[in-house]
Amino acid sequence: MIICVKDDRQAKWNVMLMPSEAKGCNLNVLECSGLVKAFDELVAVDDVGFHIAEGETYGLLGPNGAGKTTTISMISGILESDAGRVMVAGKEITTRTTDGNAEIGYVPQDIAIYPDLTARENLRFFGKLYGIPKDRLGPRIDEVLEVIGLSDRGDDRTEEYSGGMKRRLNIGIGLLHEPSLLILDEPTVGVDPQSRNSILESVELLGQSGTAVLYTTHYMEEAERLCDRVAIIDGGKIRAEGTRRELVELVGQRDTVNLGVIGSAHRLVEDLRSVSEIQQITAAEGSVEILVDGASRVLPRILEVAQEAGVGISGVEVVEPNLESVFLHLTGKALRD
Amino acid sequence: MRASFIIAAKDLSQRIRDKSAILLGFVAPLGLALIFAAIIPDTSSFSFQAQVAVIDNDGGEISATFIDEVLPAVQAEGLLEVEEYSSAAEATAAVEEGTLTAVYIFPQGFSDSLQSGGAATVEIVGNVDESISTQIAKAVLDSYLAEVDAVGVAVGTAMLSGGADVATITERTLESGAAVVLEDTAAENLELDATTFFSGGMAVFFLFFTVQFGVASLLEERHYGTLPRLLGAPINRWSVIGGKAVTSFVLGITSMVVLAIATTFLIGAEWGNPLGVFILMVSGVMAALGIMAMVAVVAKTPEQAANYQAIVAVALGMLGGTFFPLSQGPRILAFFSKLTPHAWFLQGLGDLSGGRGLEAVIAPSLAMLAFFVVTIAIASRWRGEVLAP
Ligand SMILES: Nc1ncnc2c1ncn2[C@@H]1O[C@H](COP(=O)(O)OP(=O)(O)O)[C@@H](O)[C@H]1O
Ligand SMILES: [Mg+2]
């Protein structure tokens with residue numbers, strides 16, 4: 001058992017480790033609260049706060065202009081906040097502090113590398129800036145080049161790289177100093193499907209290796225695939241937060257069962273009304289769409305009804321509710337317009 | 001501090017790699033200085049002729065000898081032109097206006113005082129904008145007085161005995177004093193001065209382009225998107241600015257020092273007292289840094305900044321007299337040129353090259369540092385925006 005005690009005044013963590021169970025305590029790598037940032041009249045970020053535990057991958061899901069970049073710019077100590085507080089690994093972060101910054105690996109949304117330097121030189125420069133000791137820096141650069149798959153191109157100028165390679169180096173610079181918290185700002189925007197997949201895989205690996213990750217995106221598939229918890233952000237406010245399941249349940253979303261039918265769909269619709277779990281049925285030529293609580297439980301019953309009614313089934317598709325539908329429900333608009 | 005140097009080292013390696021800094025900081029100024037030195041070989045096209053006047057309140061033997069014998073002899077060599085002015089006030093006003101280079105004012109009782117073994121002073125009022133011509137005028141008087149001093153007793157004796165050997169003194173003045181100095185100044189120094197002038201002029205003209213690299217690289221960091229990375233790094237954010245300043249400073253000083261050495265050996269430029277020259281260079285780099293920073297904060301993109309900076313660098317360079325000596329242009333230009341660091345730099349250099357000591361760089365250096373202070377103060381009004389991600 002682990003007991004975490006946080007002394008707020010001193011912003012320090014006291015951790016007591018009980019040897020029997022070395023699991024279960026979530027030491028927060030990031031804690032932020034009350035973040036506000038306005039640009040003139042526009043309030044870009046409005047009272048945003050959340051926390052990320054060690055080893056957790058946390059998603060900020062929201063459309064363009066939601067305030068994702070502004071939020072993480074304040075968390076990284078790049079942008080001065082109007083209000084709020086950020087603690088990373090127990091150290092306060094503002095634009096004037098420098099201590100905690102080494103705990104953060106920041107990967108900007110736009111590719112941020114020097115085109116006239118090689119990948120190795122880019123990494124070396126940022127490595128020095130982050131104070132990586134000289135004897136450690138060389139081997140670490142080789143490691144990172146390996147991880148991002150640029151070992152054989154490390155001595156080429158980055159202006160000769162493809163978009164995907166630049167993206168990977170962009171991430172590599174953030175990983176270089178082995179931060180406790182890696183912040184990735186929409187790392188897959190404008191990337192070919194293959195590079196995108198390799199980026200997603202690396203993030204998954206990082207999450208498994210125990211690094212806390214803050215991942216922003218406007219792709220709900222990415223948030224669903226990568227993140228342990230997701231915050232839905234829109235108009236500078238967090239609208240909801242939780243695991244995928246929690247979010248889906250929060251708004252009472254049901255599974256959708258799509259049946260391809262041979263014969264009278266009308267007859268089937270009549271008969272299915274007897275199944276209490278079914279919330280809504282929509283019939284069309286050759287298909288029936290059923291909204292239901294717990295599709296996996298009810299599906300056998302649905303198929304039974306169809307058989308009794310003498311309706312042939314040509315196909316079954318179960319669609320679980322996704323964050324897209326949650327977003328739609330919460331904000332009345334689509335993630336991507 | 002450490003971070004500033006890491007950033008500067010990165011910037012410098014980028015600049016060396018793209019060769020633009022080497023081109024603008026060294027190749028171009030040296031090339032132009034060589035070309036100018038080659039196409040303007042004889043100094044006669046540069047008339048460093050001094051217009052002088054004498055106000056003789058003394059009316060004694062010594063002043064009379066200077067006026068009647070020495071000056072005409074020097075005038076015959078084509079270095080001086082003597083003009084008539086009736087009062088000291090009128091002549092001094094003419095010097096201030098710039099129509100006259102210098103005026104000698106012999107005080108009342110000058111000759112008597114000297115002849116009776118006492119001390120006396122001749123006042124010389126010179127135009128600071130024409131330091132070389134003024135130096136010539138002063139040199140003529142100096143060597144005459146030195147000669148009078150050397151044969152002081154003889155003069156006194158000869159005068160008293162009524163058989164003043166004025167001709168001998170004049171002759172010896174020309175031979176041993178003024179003649180030597182004049183030969184120096186006229187035949188060699190002036191020629192070298194044209195060379196030094198172009199070397200210094202090109203060095204300070206291109207300095208503004210060299211310094212610009214450091215300043216513009218801050219905008220470049222934003223353009224590349226690397227500025228947020230620098231701001232997010234565990235370093236004080238002012239060390240980003242510091243790094244850019246170090247880059248500019250190193251590029252500027254290196255370019256000037258290399259140019260001074262190269263022109264000294266290649267075309268025989270005489271920069272003068274090395275410490276004085278270095279002080280002028282440091283002040284010049286600071287002034288250029290401030291002006292270029294002020295121009296850059298107004299710009300939104302690296303391209304825009306480069307354009308603005310080029311316009312400012314050329315305009316100030318022209319006005320500051322880096323392409324032709326200000327003494328050759330209209331008077332009004334000489335006045336407005338003092339609104340440029342270039343003119344101050346060249347004035348300091350001219351004085352050093354003319355043989356003046358370290359004190360000659362005090363005023364020009366302070367003037368250039370004033371440019372730095374004022375422009376940095378203006379630029380820092382935008383400091384929030386400069387370091388916004
Ligand atoms: N520097 C800035 N000046 C003015 N408005 C800004 C600035 N940065 C962001 N904004 C505005 O703030 C809002 C949030 O932007 P951003 O955080 O970049 O959103 P996201 O990253 O979610 O796409 C947007 O409306 C954007 O136009
Ligand atoms: Mg963004």
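Every number here is computed from the coordinates shown, using simple stated rules; none is lab data. This structure is a prediction, so every number in the text was calculated from the model and none was measured. Please note: Cβ atoms are built from the backbone with ideal geometry, for glycine as well, and neighbour counts cover all protein chains shown.
Distance distribution note for chain A: the fraction of Cα pairs above 31 angstrom is 45%. Modelled spin labels at residue A:225 and residue B:86, positioned 7 Å past Cα toward Cβ, are 10.1 nm from each other. The stretch between residue B:362 and residue B:310, if pulled fully straight at 0.36 nm per residue, gains 15.8 nm over its current Cα-Cα span.
Remark: the residue A:27-residue A:293 segment gains 92.2 nm on full extension, using 0.36 nm per residue and subtracting the alpha carbon distance. Estimated at 0.36 nm per residue, the fully extended path between residue A:205 and residue A:284 surpasses their Cα-Cα distance by 24.0 nm. For residue A:261, the residues 5 or more places off, or on other chains, whose built amide H falls under 5 Å of its own are A:287, A:288, A:314. Take the Cβ atoms of residue A:189 and residue A:316, set R0 to 41 Å, and the FRET efficiency comes out at 0.70. Taking only the Cα atoms of segment B:253-315, the radius of gyration and Dmax are 15.0, 43 Å. For segment A:39-102, GluC sites (Glu not before Pro) are listed when DSSP marks them as loop and at most 11 other Cβ atoms sit within 10 Å of their Cβ; the list is A:41.
Averaged over peptide A:122-131, the number of partner chain Cβ atoms lying within 10 Å of each residue's Cβ comes to 5. Over the C-alpha atoms of segment A:198-262, the Rg to Rh ratio, Rh being the Kirkwood estimate, stands at 1.09. Counting every alpha-carbon pair across segment A:119-197, the share separated by more than 20 Å comes to 30%. Kirkwood-type hydrodynamic radius, segment A:229-337: 15.2 Å, calculated from all non-identical alpha-carbon pairs. As a proxy for reagent exposure, ranking B:202, A:165 by other Cβ atoms within 10 Å from fewest up yields A:165, B:202. Pairs exceeding a 24 Å alpha-carbon distance, out of A:37/A:128; A:128/A:166; A:68/A:128: A:37/A:128; A:68/A:128.
Can you figure out the FRET efficiency of residue B:35 with residue B:261, using R₀ = 25 Å and their beta-carbon distance, to the nearest 0.05? Walk me through the numbers before you get to the answer.
Details: r = 19 Å, r/R0 = 0.75.
Efficiency for this residue pair is about 0.85.
Put a dot 7 Å past the Cα of residue A:271, heading toward its Cβ, do the same for residue A:64, and the two dots end up 5.0 nm apart. Within segment A:47-205, the proportion of Cα pairs with more than 28 Å between them is 21 percent.
So if we plug the beta-carbon distance of residue B:301 and residue B:13 into 1/(1 + (r/R0)^6) with R0 = 22 Å, what FRET efficiency do we get, rounded to 0.05? My answer for the efficiency is 0.40.
The alpha-carbon atoms of the protein assembly as shown, seen along their principal axes, cover 154, 59, 49 angstrom, with the largest extent given first.
For segment B:230-253, backbone nitrogen atoms closer than 20 Å to the point 7 Å from residue A:110 Cα along Cα-to-C-beta are found at B:230-233, B:240-241. Computed over chain A with a Gaussian network model linking Cα atoms closer than 10 Å, the most mobile of A:282, A:97, A:158 is A:282.
Taking A:240, A:112, A:309 in turn, the Gaussian network model of chain A (Cα-Cα springs below 10 Å) assigns the largest fluctuation to A:309. Take every DSSP beta bridge whose two residues both sit in the protein assembly as shown; close to 65 percent of them are antiparallel. Within the straight-line cut-off of under 18 Å between alpha carbons, the aspartates and glutamates reachable from residue B:10 are A:116, A:121, A:155, A:156, A:159, B:18, B:220, B:221, sequence neighbours fewer than 8 places apart in one chain being disregarded. Within the shell of other residues whose beta carbon sits under 14 angstrom from the beta carbon of residue A:243, the net charge comes to -3, with Lys and Arg scored +1 and Asp and Glu -1. The label-point distance for residue A:264 and residue B:67, in a model that sets each label 7 Å from Cα toward Cβ, rounds to 13.9 nm. For the pair segment B:347-389 and segment B:78-108, the centres of their Cα atoms are 33 angstrom apart.
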